[in-house]
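Here is the structure we will look at, set down as C-alpha coordinates.
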Amino acid sequence: MSRIAATFEALKARGRKALIPYMTAGFPFADVTPELMHGMVRGGADVIELGVPFSDPMADGPVIQKAGEQALALGIGTVQVLQMVSQFRERDDKTPVVLMGYANPVERYDLMHGADAFIRDAAAAGVDGVLIVDYPPEECEEFAAKLKAQGLDLIFLLAPTSTDARMGQVARIATGYVYYVSLKGVTGAGHLDTGAVEQMLPRIRRHVKVPVGVGFGIRDAATAKAVGKVADAVVIGTRLIQVAEAQPRDKVVGAVSDFLGEIRAALDA
(Lines give C-alpha, C1' and ligand atoms only; values in the text may rest on other atoms or scores of the structure.)
Protein backbone atom coordinates (compact mmCIF):
# COMPACT_ATOMS: atom_id res chain seq x y z
CA MET A 1 0.00 0.00 0.00
CA SER A 2 1.34 3.44 -0.91
CA ARG A 3 1.93 6.09 1.70
CA ILE A 4 -0.92 8.12 0.15
CA ALA A 5 -3.39 5.22 0.30
CA ALA A 6 -2.37 4.44 3.88
CA THR A 7 -2.88 8.08 4.89
CA PHE A 8 -6.39 8.25 3.42
CA GLU A 9 -7.30 4.90 4.99
CA ALA A 10 -6.15 6.07 8.43
CA LEU A 11 -8.07 9.35 8.08
CA LYS A 12 -11.24 7.53 7.01
CA ALA A 13 -11.00 5.24 10.02
CA ARG A 14 -10.90 8.32 12.26
CA GLY A 15 -13.68 10.15 10.40
CA ARG A 16 -11.35 12.93 9.26
CA LYS A 17 -10.80 14.65 5.92
CA ALA A 18 -7.38 15.18 4.35
CA LEU A 19 -5.84 18.63 4.23
CA ILE A 20 -3.57 18.97 1.19
CA PRO A 21 -1.65 22.25 0.94
CA TYR A 22 0.15 23.22 -2.27
CA MET A 23 3.35 25.25 -2.36
CA THR A 24 5.67 26.05 -5.24
CA ALA A 25 9.10 24.57 -4.50
CA GLY A 26 11.69 27.28 -3.86
CA PHE A 27 9.10 29.94 -3.04
CA PRO A 28 9.24 32.46 -1.52
CA PHE A 29 12.90 31.78 -0.68
CA ALA A 30 15.17 29.24 -2.36
CA ASP A 31 16.21 27.52 0.86
CA VAL A 32 12.94 27.56 2.79
CA THR A 33 10.97 24.69 1.22
CA PRO A 34 11.93 21.71 3.46
CA GLU A 35 11.40 23.83 6.57
CA LEU A 36 8.11 25.07 5.14
CA MET A 37 6.99 21.50 4.49
CA HIS A 38 7.62 20.62 8.14
CA GLY A 39 5.63 23.72 9.12
CA MET A 40 2.74 22.54 6.96
CA VAL A 41 2.73 19.20 8.77
CA ARG A 42 2.69 20.98 12.13
CA GLY A 43 -0.26 23.02 10.85
CA GLY A 44 -2.21 19.86 10.06
CA ALA A 45 -1.26 18.87 6.51
CA ASP A 46 -1.91 15.23 5.68
CA VAL A 47 -0.41 15.28 2.17
CA ILE A 48 1.84 17.96 0.64
CA GLU A 49 1.62 18.97 -3.00
CA LEU A 50 4.90 20.51 -4.13
CA GLY A 51 4.84 22.49 -7.36
CA VAL A 52 7.72 21.98 -9.79
CA PRO A 53 8.46 25.44 -11.28
CA PHE A 54 7.85 25.72 -15.02
CA SER A 55 7.95 28.67 -17.40
CA ASP A 56 4.58 28.00 -19.07
CA PRO A 57 2.15 26.78 -16.40
CA MET A 58 -1.08 26.84 -18.39
CA ALA A 59 -3.41 25.77 -15.56
CA ASP A 60 -2.04 28.21 -12.99
CA GLY A 61 -3.43 31.63 -12.22
CA PRO A 62 -1.31 34.78 -11.76
CA VAL A 63 -0.42 34.11 -8.10
CA ILE A 64 1.05 30.65 -8.70
CA GLN A 65 2.57 31.75 -12.03
CA LYS A 66 4.41 34.54 -10.22
CA ALA A 67 5.60 32.11 -7.54
CA GLY A 68 6.95 29.80 -10.23
CA GLU A 69 8.72 32.63 -12.02
CA GLN A 70 10.34 33.72 -8.77
CA ALA A 71 11.48 30.17 -8.01
CA LEU A 72 12.93 29.77 -11.51
CA ALA A 73 14.78 33.06 -11.08
CA LEU A 74 16.29 31.62 -7.89
CA GLY A 75 17.61 28.64 -9.85
CA ILE A 76 15.03 26.06 -8.77
CA GLY A 77 14.50 23.18 -11.19
CA THR A 78 13.56 19.52 -10.95
CA VAL A 79 16.96 18.51 -9.53
CA GLN A 80 16.60 21.02 -6.70
CA VAL A 81 13.00 19.99 -6.03
CA LEU A 82 14.04 16.35 -5.57
CA GLN A 83 16.82 17.48 -3.23
CA MET A 84 14.24 19.38 -1.18
CA VAL A 85 12.08 16.27 -0.83
CA SER A 86 15.13 14.25 0.23
CA GLN A 87 15.93 16.86 2.87
CA PHE A 88 12.33 16.79 4.14
CA ARG A 89 12.51 12.98 4.36
CA GLU A 90 15.45 13.18 6.76
CA ARG A 91 12.96 14.14 9.50
CA ASP A 92 9.59 12.97 8.16
CA ASP A 93 9.07 9.52 6.68
CA LYS A 94 5.29 9.52 7.09
CA THR A 95 3.75 12.52 5.28
CA PRO A 96 3.07 11.82 1.60
CA VAL A 97 4.59 14.22 -0.93
CA VAL A 98 3.10 14.73 -4.41
CA LEU A 99 4.98 16.59 -7.14
CA MET A 100 2.61 18.69 -9.24
CA GLY A 101 3.69 20.14 -12.54
CA TYR A 102 3.93 19.75 -16.29
CA ALA A 103 5.27 17.28 -18.82
CA ASN A 104 8.14 19.45 -20.07
CA PRO A 105 10.29 19.36 -16.88
CA VAL A 106 9.75 15.58 -16.54
CA GLU A 107 10.73 14.86 -20.13
CA ARG A 108 13.68 17.27 -20.00
CA TYR A 109 14.89 15.54 -16.83
CA ASP A 110 14.84 12.19 -18.61
CA LEU A 111 16.66 13.65 -21.61
CA MET A 112 19.42 14.94 -19.33
CA HIS A 113 19.66 11.99 -16.91
CA GLY A 114 18.54 8.96 -18.92
CA ALA A 115 15.33 7.11 -19.70
CA ASP A 116 12.92 6.92 -16.75
CA ALA A 117 15.38 8.84 -14.57
CA PHE A 118 12.63 11.09 -13.22
CA ILE A 119 10.65 8.16 -11.84
CA ARG A 120 13.77 6.48 -10.44
CA ASP A 121 15.07 9.63 -8.76
CA ALA A 122 11.66 10.76 -7.49
CA ALA A 123 11.19 7.39 -5.79
CA ALA A 124 14.69 7.55 -4.32
CA ALA A 125 14.04 11.06 -2.98
CA GLY A 126 10.88 9.95 -1.17
CA VAL A 127 8.19 11.24 -3.51
CA ASP A 128 4.88 9.39 -3.23
CA GLY A 129 2.95 10.60 -6.25
CA VAL A 130 2.97 12.86 -9.26
CA LEU A 131 0.30 14.99 -10.89
CA ILE A 132 1.25 16.01 -14.42
CA VAL A 133 -1.32 18.55 -15.58
CA ASP A 134 -0.82 17.99 -19.31
CA TYR A 135 -0.57 14.17 -19.31
CA PRO A 136 -4.04 12.93 -20.34
CA PRO A 137 -4.91 9.44 -19.11
CA GLU A 138 -5.15 7.92 -22.58
CA GLU A 139 -1.52 8.83 -23.28
CA CYS A 140 0.23 7.78 -20.09
CA GLU A 141 -0.72 4.22 -19.20
CA GLU A 142 2.93 3.14 -19.62
CA PHE A 143 4.06 6.05 -17.43
CA ALA A 144 1.50 5.04 -14.80
CA ALA A 145 2.72 1.44 -14.84
CA LYS A 146 6.34 2.53 -14.40
CA LEU A 147 5.38 4.78 -11.49
CA LYS A 148 3.41 1.97 -9.86
CA ALA A 149 6.40 -0.35 -10.18
CA GLN A 150 8.38 2.15 -8.08
CA GLY A 151 5.56 2.56 -5.54
CA LEU A 152 4.41 5.98 -6.80
CA ASP A 153 0.83 7.04 -7.44
CA LEU A 154 -0.34 8.90 -10.55
CA ILE A 155 -2.93 11.54 -9.72
CA PHE A 156 -5.25 13.14 -12.27
CA LEU A 157 -7.33 16.26 -12.49
CA LEU A 158 -11.05 16.20 -13.17
CA ALA A 159 -13.08 19.31 -13.94
CA PRO A 160 -16.72 20.45 -14.14
CA THR A 161 -16.47 19.83 -17.89
CA SER A 162 -15.18 16.24 -17.55
CA THR A 163 -17.36 13.72 -19.37
CA ASP A 164 -18.32 10.30 -18.07
CA ALA A 165 -15.96 8.83 -20.66
CA ARG A 166 -13.04 10.88 -19.34
CA MET A 167 -13.87 9.92 -15.76
CA GLY A 168 -13.81 6.28 -16.84
CA GLN A 169 -10.40 6.73 -18.45
CA VAL A 170 -9.05 8.35 -15.29
CA ALA A 171 -10.61 5.69 -13.06
CA ARG A 172 -8.78 2.94 -14.97
CA ILE A 173 -5.28 4.14 -14.06
CA ALA A 174 -5.55 6.75 -11.28
CA THR A 175 -4.16 5.79 -7.90
CA GLY A 176 -3.76 7.68 -4.63
CA TYR A 177 -6.54 10.21 -5.17
CA VAL A 178 -8.05 12.36 -7.89
CA TYR A 179 -8.08 16.14 -7.76
CA TYR A 180 -11.40 17.73 -8.73
CA VAL A 181 -10.87 21.24 -10.08
CA SER A 182 -14.01 22.91 -8.75
CA LEU A 183 -13.91 25.90 -11.10
CA LYS A 184 -13.63 26.46 -14.83
CA GLY A 185 -10.41 28.36 -15.41
CA VAL A 186 -7.04 28.66 -13.72
CA THR A 187 -6.00 28.36 -10.08
CA GLY A 188 -7.28 31.13 -7.85
CA ALA A 189 -10.07 32.08 -10.26
CA GLY A 190 -13.65 32.86 -9.44
CA HIS A 191 -15.99 32.06 -6.59
CA LEU A 192 -16.39 28.53 -5.31
CA ASP A 193 -19.93 27.16 -5.67
CA THR A 194 -20.05 24.52 -2.95
CA GLY A 195 -23.51 23.42 -4.10
CA ALA A 196 -22.15 22.57 -7.55
CA VAL A 197 -19.29 20.63 -5.94
CA GLU A 198 -21.78 18.69 -3.83
CA GLN A 199 -23.75 17.74 -6.95
CA MET A 200 -20.65 16.73 -8.93
CA LEU A 201 -18.93 14.44 -6.43
CA PRO A 202 -21.47 11.57 -6.53
CA ARG A 203 -21.10 11.52 -10.32
CA ILE A 204 -17.31 11.30 -10.01
CA ARG A 205 -17.57 8.56 -7.41
CA ARG A 206 -19.69 6.41 -9.72
CA HIS A 207 -16.52 6.02 -11.77
CA VAL A 208 -13.59 6.72 -9.46
CA LYS A 209 -12.95 4.49 -6.45
CA VAL A 210 -9.94 6.36 -5.03
CA PRO A 211 -10.51 9.36 -2.71
CA VAL A 212 -11.58 12.67 -4.27
CA GLY A 213 -9.89 15.92 -3.27
CA VAL A 214 -11.30 19.30 -4.21
CA GLY A 215 -9.26 22.41 -4.97
CA PHE A 216 -9.28 25.74 -6.84
CA GLY A 217 -11.19 28.48 -5.03
CA ILE A 218 -10.74 27.34 -1.40
CA ARG A 219 -9.46 30.41 0.39
CA ASP A 220 -10.53 30.24 4.02
CA ALA A 221 -11.78 28.05 6.83
CA ALA A 222 -15.44 28.47 5.89
CA THR A 223 -15.07 27.25 2.30
CA ALA A 224 -12.73 24.46 3.43
CA LYS A 225 -15.31 23.28 5.96
CA ALA A 226 -18.11 23.35 3.39
CA VAL A 227 -16.08 21.36 0.86
CA GLY A 228 -14.82 18.98 3.56
CA LYS A 229 -18.41 17.92 4.25
CA VAL A 230 -18.64 16.28 0.81
CA ALA A 231 -15.04 15.67 -0.35
CA ASP A 232 -12.38 13.30 0.97
CA ALA A 233 -9.74 16.04 0.86
CA VAL A 234 -9.41 19.79 0.61
CA VAL A 235 -6.59 21.21 -1.52
CA ILE A 236 -5.48 24.78 -0.89
CA GLY A 237 -2.79 26.54 -2.91
CA THR A 238 -3.25 30.10 -4.15
CA ARG A 239 -4.28 31.50 -0.79
CA LEU A 240 -1.39 29.73 0.91
CA ILE A 241 1.09 31.27 -1.52
CA GLN A 242 -0.38 34.69 -0.81
CA VAL A 243 0.15 34.10 2.91
CA ALA A 244 3.76 33.05 2.29
CA GLU A 245 4.71 35.88 -0.05
CA ALA A 246 3.62 38.51 2.48
CA GLN A 247 6.12 37.33 5.08
CA PRO A 248 9.83 37.96 5.75
CA ARG A 249 12.10 34.92 5.77
CA ASP A 250 11.96 34.42 9.54
CA LYS A 251 8.15 34.49 9.72
CA VAL A 252 7.04 32.62 6.63
CA VAL A 253 7.02 29.12 8.16
CA GLY A 254 5.04 30.22 11.21
CA ALA A 255 2.52 32.15 9.12
CA VAL A 256 1.86 29.21 6.80
CA SER A 257 1.61 26.78 9.73
CA ASP A 258 -0.81 29.04 11.60
CA PHE A 259 -2.99 29.54 8.52
CA LEU A 260 -3.21 25.80 7.93
CA GLY A 261 -4.00 25.30 11.61
CA GLU A 262 -7.16 27.38 11.12
CA ILE A 263 -8.16 25.28 8.10
CA ARG A 264 -7.44 22.05 9.99
CA ALA A 265 -9.58 23.16 12.93
CA ALA A 266 -12.47 23.99 10.59
CA LEU A 267 -12.22 20.61 8.86
CA ASP A 268 -12.22 18.82 12.21
CA ALA A 269 -15.08 20.85 13.68
Selected residue (only one of ARG42, ARG3 is modelled with pLDDT of 95 or more, basic (Lys, Arg) and closer than 21 Å to GLN247 by Cα): ARG42
State all residues of the stretch 103-146 that are among the small types (Gly, Ala, Ser) and either closer than 25 Å to ALA171 by Cβ or modelled with pLDDT under 95 (or both); if no residue qualifies, say none. ALA103, ALA122, ALA123, GLY129, ALA144, ALA145
Out of curiosity, is GLY237 surrounded by 23 or more Cβ atoms within 10 Å (Cβ to Cβ) and touching a residue at least 40 places away in the same chain (Cβ under 8 Å)? yes
Restricting to the stretch 1-40, name every residue that is of a type in the set (A, V, I, L, M, F, W, C) and crowded, with 19+ Cβ neighbours inside 10 Å. ILE4, PHE8, ALA18, LEU19, ILE20, MET23, ALA25, PHE27, VAL32, LEU36, MET37, MET40
Which residue is surrounded by the fewest Cβ atoms within 10 Å (Cβ to Cβ), if the candidates are limited to the stretch 52-94 and must be under 22 Å from ARG264 (Cβ atoms) and without any contact (Cβ under 8 Å) to a residue 60 or more places away in the chain? ASP93
Selection within the stretch 145-156 - under 17 Å from the mean Cα position of the chain (by Cα) and in a helix (DSSP H, G or I): LEU147
Failed criterion for ARG206 (all others in (1) surrounded by fewer than 17 Cβ atoms within 10 Å (Cβ to Cβ); (2) among the charged types (D, E, K, R); (3) under 30 Å from ALA30 (Cα atoms) hold): (3)
Give the stretch 237-259 a look and list any residue that's at pLDDT 95 or above and touching a strand residue (DSSP E or B) at 6+ places or on another chain (Cβ under 6 Å), or say none. LEU240
Report the residue count in the stretch 131-148 for those that are within 12 Å of ILE119 (Cβ to Cβ) and either among the acidic types (Asp, Glu) or in contact (Cβ under 8 Å) with a residue 60 or more places away in the chain (or both). 1
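State all residues of the stretch 68-100 that are of a type in the set (Gly, Ala, Ser) and under 15 Å from the mean Cα position of the chain (by Cα); if no residue qualifies, say none. Can you show your working first?
Just the residues of the stretch 68-100 that are of a type in the set (Gly, Ala, Ser), to begin with: 68, 71, 73, 75, 77, 86.
Result: GLY68, single match.
The values are calculated or read from the model by the stated rules, or taken from the named source; none is laboratory data. Keep in mind that what you see is a predicted model, and the values were worked out from it rather than measured. Please note: Cβ atoms are built from the backbone with ideal geometry, for glycine as well, and neighbour counts cover all protein chains shown.
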